[in-house]
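Before any comments, here is the structure.
The values are calculated or read from the model by the stated rules, or taken from the named source; none is laboratory data. The model shown is predicted, which means the values in this text are computed figures rather than measured ones. Cβ placement follows ideal geometry from the backbone for every residue including glycine, while neighbour counts extend to all protein chains displayed.
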Amino acid sequence: MNKFILAVFIIMSTVSAAYSQTVVETTTNSKSDVETKGRTIVISPPPSAISPSVGSSTSDLCMAGVSGAVQTQILGVSTGEMVRDQNCERLKISKTLYDMGMKVAAVSVLCQDRRVYDAMEMAGTPCPFLGKIGEQATNEWKNNPGRIPPVEVMRTKEDVQERNAKIGAGIGGLALLLLLL
């Protein structure tokens, strides 16, 4: 019987040991210093200054549209204007006069351009002078040199674009200066 009780005791000890729970409590104290360095990259669409479309609905106006734009990261400027083509106007007026049978008047309009005046002199057919033509016109031009058309420096489309680029660069430089201040 002792052996039986001993066997039951051993079995009970084993079973209770198998089902026993152990609770362990721990406390951890820690200190840490964290230094973080980062870089943020913002991807955004590029700024855009859009040049205005300057054009005419008909080609019979003797005007040309010129536009330009300058863009910085902060400020964008665009401009446009119409440029008058005086040579085109002279040709249209001259053609209209010629079509009406007024040939001397048509040539006289063209002779307001120094290039035409010089070309007519070189061809031996001087420009009309107050209704006089030929040798009489030549004498009148010699007697009145102040009435000879002056040499014109014509404004071209490229001149206007260059001027607009300079203005845009000045505005861009000003914007950059404001950013630096």
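Descriptive notes on the structure:
- Candidates 123, 119, 165, 137, filtered to the one that is under 19 Å from residue 65 (Cα atoms) and of a type in the set (Gly, Ala, Ser): 165
- Residue in the range 50-68 that is of a type in the set (A, V, I, L, M, F, W, C), at pLDDT 75 or above and under 14 Å from the mean Cα position of the chain (by Cα) present: yes
- Residue 168 passes every criterion in (1) of a type in the set (Gly, Ala, Ser); (2) assigned to a loop (DSSP other than H, G, I, E, B); (3) under 30 Å from residue 179 (Cα atoms) apart from (2).
- Members of the range 62-90 that are surrounded by fewer than 16 Cβ atoms within 10 Å (Cβ to Cβ) and within 23 Å of residue 105 (Cβ to Cβ): 84, 86, 87, 88, 89
- Residue in the range 140-161 that is part of a helix (DSSP H, G or I), of a type in the set (A, V, I, L, M, F, W, C), touching a residue at least 40 places away in the same chain (Cβ under 8 Å) and surrounded by 14 or more Cβ atoms within 10 Å (Cβ to Cβ) present: yes
- Some residue of the range 139-151 being over 30 Å from residue 79 (Cα atoms), among the aromatic types (Phe, Trp, Tyr) and in contact with a strand residue (DSSP E or B) (Cβ under 9 Å, 6 or more places away or on another chain): yes
- Qualifying residues in the range 162-177 (those that are over 22 Å from residue 85 (Cα atoms) and touching a residue at least 12 places away in the same chain (Cβ under 8 Å)) - the one surrounded by the most Cβ atoms within 10 Å (Cβ to Cβ): 168
- Close pairs from the range 126-139: first surrounded by 15 or more Cβ atoms within 10 Å (Cβ to Cβ), partner part of a helix (DSSP H, G or I) and polar (S, T, N, Q), Cβ under 6 Å, at least 6 apart: 126/138; 128/108
- Filtered by the rule that a residue be under 18 Å from residue 140 (Cα atoms) and either small (Gly, Ala, Ser) or in contact with a Leu (Cβ under 8 Å, 6 or more places away or on another chain) (or both), the range 89-109 gives 105, 108, 109.
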